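Read the structure below first, then the notes.
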Amino acid sequence: MPHERKITDLPGLISDLPTGDRALAERIFDVSTTTGRLVPPEAMHAWIEKSFGSVDRVTAQRIVKVTNRITLEGTLFNELRASRPLDTGVSLDLDREIAATEGDPFCHPEDGTPADVFGRVSGEHATTASNIAKYDGFHGVVVFDDHNPLHLTPEKVAGYVSVGLQWCREALEADPDARYPFLMWNCLWRAGGSIIHGHAQVTATHGTHYPKVERLRRAAAAYEQNHGSDYFEDLATVHASLGLGIPLEGVHAFASLSPLKEKELVVVGSDPQDPGLSRAVGALLQGYVRDLGVRAFNVAFFMPPLGSAEEDWSGFPTVVFIVDRGDPANRTSDMGAMELYAASVVASDPFRVAEALGEDPSG
Ligand SMILES: [Zn+2]
């Protein structure tokens, strides 16, 4: 059996790469390790052994800090946290809780939800509603035909995305300035979803894109200017060379080295309307739910504007982020001051995530 790769061994894994891949990895990521130490009193030893396996594992803890030099996003991984097996438990209570809310307004959107000024967009697996308390001038809901948001398949997800993108085109037709589209999915409470019934959301904004999308555009443009190379291609190459790629046709998909939170996946595709891209996202979400036991997650589509804009979007792909928000039964928030203002602290090892999803996420 080959030696299992671990995130805390990242500096060595990068040094072992072939020269070209190593240079790319070092160009994009700054990686450093440190050891955190503590001195437990004798009275705590039994509890530490029970909780962590041994006292030695706690007295010296290896921590790796990964910073994306291009986007200045970064993550701290602690060996003690990352070495725990991925929690793939499934709660039966959740299924029951979801079923108990059947018959909600989203189960009959035609008379349970408002329509947008341009009407509704309907497709095979979803229909749109207008969001009742809006984030932005145009804010719609893609209401899934399925009440249970976890009963997803690649085909259904492709249908949800297709309906969402058609909504964005309708919004642009209603207002030619609403050219910046955003598609997001907050699945269950921990991910910010207040309604259980399966739904994604779409917005269209004016002026400039949302700041986090615009920041990524600027970072990628500066990278291209400085290195004469495509940032997203290079990012995917680095992940693939380390064994973090997830093979899916027509897209680059990988478990991120600098995840925002647990088990973050990144999918890079060309056109947002490519059904191969949304099917790939659906296959990963199916693997998330089925193989990794994820219940609450966020999905976000970073897309260039529909129609022309002043700033240069040439070469900007569609980038989809998927992140696990933790066990619905857990009362502790997964985001604290570190995540909001410093760097993310993440327990799941991206090598384990890629391994779990890499076999055949669509199988
Ligand atoms: Zn419902």
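Points worth noting:
- Here Ala25 fulfils each of the conditions (1) within 21 Å of Gly243 (Cβ to Cβ); (2) free of Cβ contacts under 8 Å to residues at least 24 places away in the same chain apart from (2).
- Test result for Leu80, within 28 Å of the chain's Cα centre (by Cα), more than 16 Å from the ligand (Cβ to nearest atom), at pLDDT 95 or above and surrounded by 16 or more Cβ atoms within 10 Å (Cβ to Cβ): no
- Filtered residues of region 288-302 (kept if surrounded by fewer than 24 Cβ atoms within 10 Å (Cβ to Cβ) and either in contact with a Gly (Cβ under 9 Å, 6 or more places away or on another chain) or assigned to a loop (DSSP other than H, G, I, E, B) (or both)): Leu292, Gly293, Ala296, Asn298
- When region 33-67 is filtered for residues that are more than 16 Å from Ala347 (Cα to Cα) and small (Gly, Ala, Ser), the ones remaining, listed by number, are Ala43, Ala46, Gly53, Ser54, Ala60.
- Per-region count, region 214-247, residues touching a Pro at 6+ places or on another chain (Cβ under 9 Å) and of a type in the set (Val, Ile, Thr): 1
- Among the residues of region 204-224, those identified as over 18 Å from the mean Cα position of the chain (by Cα) and outside any helix (DSSP H, G or I) are Ala204, Thr205, His206, Gly207, Thr208, His209.
- Ser32 being exposed (fewer than 13 other Cβ atoms within 10 Å of the Cβ), modelled with pLDDT under 95, not basic (Lys, Arg) and not in a loop (DSSP other than H, G, I, E, B): no
- Single match in Gly250, Gly243 (criterion: without any contact (Cβ under 8 Å) to a residue 40 or more places away in the chain and in contact with a helix residue (DSSP H, G or I) (Cβ under 8 Å, 6 or more places away or on another chain)): Gly250
- Pairs, first assigned to a helix (DSSP H, G or I) in region 94-105, second of a type in the set (Gly, Ala, Ser), C-beta under 7 Å, six or more apart: Pro105/Gly112
- For region 90-114, a tally of residues being farther than 13 Å from Phe144 by Cα, within 8 Å of the ligand (Cβ to nearest atom) and surrounded by 13 or more Cβ atoms within 10 Å (Cβ to Cβ) returns 1.
- Residue check, Glu224 within 29 Å of Ala178 (Cα to Cα), acidic (Asp, Glu) and surrounded by fewer than 19 Cβ atoms within 10 Å (Cβ to Cβ): yes
- Checklist (1) modelled with pLDDT of 95 or more; (2) more than 16 Å from the ligand (Cβ to nearest atom); (3) within 26 Å of the chain's Cα centre (by Cα) applied to Val143, failing item: (2)
- The set of residues in region 1-21 that are closer than 22 Å to Glu355 by Cβ, free of Cβ contacts under 8 Å to residues at least 60 places away in the same chain and surrounded by 10 or more Cβ atoms within 10 Å (Cβ to Cβ) comprises Asp9, Pro11, Gly12, Ser15, Asp16.
- Any hit, region 192-200, residues being in a loop (DSSP other than H, G, I, E, B), within 16 Å of the ligand (Cβ to nearest atom), under 26 Å from Ala347 (Cβ atoms) and among the hydrophobic types (A, V, I, L, M, F, W, C): no
The values are calculated or read from the model by the stated rules, or taken from the named source; none is laboratory data. A quick note: this is a predicted structure, and the numbers were derived from the prediction, not measured. Glycine also receives a Cβ, built like all others from the backbone with ideal geometry; neighbour counts cover every protein chain displayed.
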